Amino acid sequence: MLLLALDTATPAVTVALHDGAAVIASSSQVDARRHGELLLPAVDRVLAEAGVKLDAVTGIVTGIGPGPYTGLRVGLMTADTFGLALGVPVHGLCTLDGLAYAADIEKGPFVVATDARRKEVYWAVYEDSRTRRTDPAVDRPADIAEQVAGLPAVGAGALLYPDTFPVAHEPEHVSAAALASLAAEKLAAGEELPEPRPLYLRRPDAQVPKNYKVVTPK
Amino acid sequence: MADEPLVLGIETSCDETGVGIVRGTTLLADAVASSVDEHARFGGVVPEVASRAHLEAMVPTIERALKDAGVSARDLDGIAVTAGPGLAGALLVGVSAAKAYAYALGKPLYGVNHLAAHICVDQLEHGPLPEPTMALLVSGGHSSLLLSSDITSDVRPLGATIDDAAGEAFDKIARVLNLGFPGGPVIDRYAKEGDPSAIAFPRGLTGPRDPAYDFSFSGLKTAVARWIEAKRAAGEEVPVRDVSASFQEAVVDVLTRKAVRACRDEGVDHLMIGGGVAANSRLRALAQERCEAAGIQLRVPRMKLCTDNGAMVAALGAEMVARNRTPSGWDLSADSSLPVTDPHVPGNHDHDHDHVHEVSKENLYS
Ligand SMILES: [Zn+2]
């Protein structure tokens, strides 16, 4: 097994290679505005570091968010197209699950929260690092304060809003290394991974115009 | 000819997911998935809706294009993609796909200019572009007069709209007339049964002191809307056919007049018209008439090649390969305001401090 994992759903552009036993190479850069530019050179670097060619990869794993859409799509589109060109399966994994896995908490519950911008967070509650209790959601921190009261939390969304998440720790962003390890574990256990489809959680901002604007001066 | 470059082109600058395949100047496939129906109820293209649709449609559209062309991805000589101008988020989906595809297949990548591609597509219809070529590009996003002596390296803007694009004016007037979105085709249809001289609508920027090659459609749009509103306020029926014909005539009169004048002034004997508005039947007819009178050869590709598509991107990519232009780097980014003077975005190979685009050949899928 040789898994190429990538995620662009948070400000991190992160890539990792996993050979079924361990992560053999990885790269993470934090730059929320340059996902498109950074991802492919990072893939190239990780492959070079591991000394393998892309055609040796047996599967692709991509974070499916939730995350700010423009960046999120870079990873998904790249994964999809690699899958098409190489003829290998493309798997999705919830980005929050990757963060929960990296948090390495054996006994929860705890919260994973990432920055959804517009003063909101993407979040979910976990039993432990491998078990999600709630569906990923997007909310204002103040609106979920009661539901997460007393729970420790990880992720940039938690670190950003200490009023709602007083006990917040690292990791701040997801790493592809964690996603790859989680995927390798699940695949080895014969689990189905989710389809590589984006978790947007919000509708596109668009308003149906009621009427055209009258131009005749009143 | 088998030794002409075989190139796949990807276009996602607006609401069409286009994947085209060409061999030199021969069109092999032109697969397009459009999200226009999803935008109709919003009365215009919604960028986020378009970006989501591109992500969904990309892989199936690439597969369809390869099947239509009857070629294997392995045989491609390059992958071209619209790097800009266009909607930033939409462009980024296409650029991401093109980069991953080119990298995985071990093919050179060419990030190209959407406007130059609109011009170059005519090679698929009428053979190699005359050099120089004058081009009038008119769509919902652009209205420009461009002069090119080499479509891979030299595109000079002579004029452009200073406010709305021509296609936008069609959409807005269609909305005022309650004809739906997009406005171009429906106005064209009504105009056929109307009198183009029924109402004297203004011709923007045609005064003696106005810039010779720039366009303005905002004043026209307001004038038409006011005229309609006045009719309605007076309780009279709006003559939709005459309004459509007279409005359309005002647009195409200015477009063709300025394009022919630019040809004359620059001593160019070929005019190509591209972009979605080139599908307008009156624009085609009037351009033909005026070009003939001026001794100018008019080249307008078939309608499907005028609207946004992947074949135009492939056509320009093939020309880049044929003329040995420097491919783009793997750090190519989408540039929503890529200047028209940049027909493509070459990689930067001579910056020693930046190894980002130095890709080790061994990692390429070979
Ligand atoms: Zn266009």
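Contact order, relative form, for region A:97-169: 31 percent (alpha carbon pairs under 8 Å, 6 or more residues apart, mean separation divided by residue count).
Solvent-accessible surface, computed for protein heavy atoms with a probe of 1.4 Å, shrinks by 40 Å² or more for the following residues of region A:17-45 when the other protein chains are added to the isolated chain: A:36, A:37, A:40, A:41, A:44.
Taking a quarter of the surface of the Cα convex hull of region B:1-141 gives a mean projected area of 8.6 nm².
Peptide B:52-62 has a mean shielding of 3, counted as Cβ atoms of other protein chains within 10 Å of each residue's Cβ. Among rounded, prolate and oblate, which fits region A:97-169 when a ≥ b ≥ c are the square roots of the eigenvalues of its C-alpha gyration tensor, a/c under 1.5 means rounded, and a/b larger than b/c means prolate? Because a/c hits 1.5 or more and a/b exceeds b/c, region A:97-169 counts as prolate. Placing dummy labels 7 Å off each Cα toward the beta-carbon, the span from residue B:261 to residue A:22 is 7.4 nm.
For a quick check, take a GNM of chain B with Cα springs below 10 Å and name the residue from B:178, B:280, B:309 with the largest mean-square fluctuation. Looking only at B:178, B:280, B:309, the biggest GNM fluctuation is shown by B:178. Contact order, relative form, for chain B: 26 percent (alpha carbon pairs under 8 Å, 6 or more residues apart, mean separation divided by residue count). The calculated P(r) of region B:107-182, using every Cα pair and 10 Å bins from 0, goes 17, 39, 27, 14, 2 in percent. For region B:91-122, a drop of 10 Å² or more in accessible area on going from the chain alone to the assembled protein chains (1.4 Å probe) is found at B:92, B:93, B:96, B:97, B:99, B:100, B:101, B:103, B:104, B:105. Solvent-accessible area lost on pairing A with B (1.4 Å probe, both sides summed) amounts to about 3700 Å².
Sparse packing (at most 11 other Cβ atoms within 10 Å of the Cβ) combined with a DSSP loop state is found for the following GluC sites (Glu not before Pro) in region A:95-189: A:106. By accessible area, using a 1.4 Å probe on protein heavy atoms only, the protein assembly as shown has 48% of its surface on carbon and sulfur.
Each Cα pair under 8 Å and six or more residues apart adds its separation to the average, and for region B:131-301 the resulting relative contact order is 27 percent. The modelled label-to-label distance between residue A:30 and residue B:292, using points 7 Å beyond Cα along the C-beta direction, is 6.8 nm. Remark: region B:131-301 carries 40 Å² of accessible area per residue (probe radius 1.4 Å; ligands, DNA and RNA excluded).
Shown for the protein assembly as shown is the translational diffusion coefficient from the Stokes-Einstein equation, using the Kirkwood radius over Cα pairs, a temperature of 25 °C and a viscosity of 0.890 mPa s: 96 µm²/s. Post the alpha-carbon centroid distance, region B:150-228 to region A:39-89, in whole angstrom. Between the Cα centre of region B:150-228 and that of region A:39-89, the gap is 44 Å. With a 10 Å cut-off around each Cβ of B:255-264, the average count of Cβ atoms from other chains is 0. Neighbouring Cβ atoms from other chains, within 10 Å of the Cβ of residues in B:40-48, number 4 on average. The loop-placed trypsin sites (Lys or Arg not before Pro) in region B:1-94, going by DSSP, that have at most 15 neighbouring Cβ atoms within 10 Å of their Cβ come out as B:41. The charge dipole of chain B, taken about the Cα centre with unit charges on the Cβ atoms of Lys, Arg (+1) and Asp, Glu (-1), comes to about 900 debye, rounded to the nearest 20. Please identify the chymotrypsin sites (Phe, Trp or Tyr not before Pro) of region A:106-194 that satisfy two criteria: DSSP loop assignment and at most 13 other Cβ atoms within 10 Å. Which are they? Passing both the DSSP loop test and the Cβ count: no residue.
Residues whose amide H lies under 5 Å from that of residue B:272, counting only those 5 or more places away or on a different chain, are B:134, B:135, B:136, B:299; hydrogens are built 1.01 Å from N in the peptide plane. Kindly identify chain A as rounded, prolate or oblate by the Cα gyration tensor criterion: order the square roots of the eigenvalues as a ≥ b ≥ c, call it rounded if a/c is under 1.5, otherwise compare a/b with b/c, prolate if a/b is larger, else oblate. Oblate. Shape class for chain B: prolate, because the ratio a/c of the largest to smallest gyration tensor axis (alpha-carbon atoms, square roots of eigenvalues) is 1.5 or more and a/b beats b/c. Residue by residue, region A:45-58 carries 3J(HN,Hα) couplings of 5, 5, 5, 4, 4, 7, x, 10, 9, 4, 6, 7, 5, 9 Hz when phi is fed to the Karplus relation 6.51 cos²θ - 1.76 cosθ + 1.60 (θ = phi - 60°); x denotes Gly or Pro.
How far is helix B:240-266 tilted, in degrees, relative to the longest principal axis of the Cα atoms in chain B, given as a value from 0 to 90 rounded to the nearest 10? Here the helix axis deviates by roughly 60 degrees.
Efficiency by 1/(1 + (r/R0)^6): what FRET value for residue B:269 and residue B:178, r their Cβ-Cβ distance, R0 = 51 Å, to the nearest 0.05? Between residue B:269 and residue B:178 the formula returns 0.75. The label-point distance for residue B:302 and residue B:3, in a model that sets each label 7 Å from Cα toward Cβ, rounds to 3.0 nm.
Exceedance of the 28 Å cut-off in Cα-Cα distance is limited, within the set B:172/B:258; A:53/B:304; A:53/A:186; B:67/B:304; B:172/B:192, to A:53/B:304.
The values are calculated or read from the model by the stated rules, or taken from the named source; none is laboratory data. Values in this document were obtained by computation on a predicted structure and should not be read as measured data. Because the Cβ atoms are built from the backbone with ideal geometry, glycine has one as well, and the counts that use them run over all protein chains shown. Areas reflect the complete protein model, heavy atoms only, side chains present, ligands, DNA and RNA absent. Shrake-Rupley method; radii C 1.70, N 1.55, O 1.52, S 1.80 Å.
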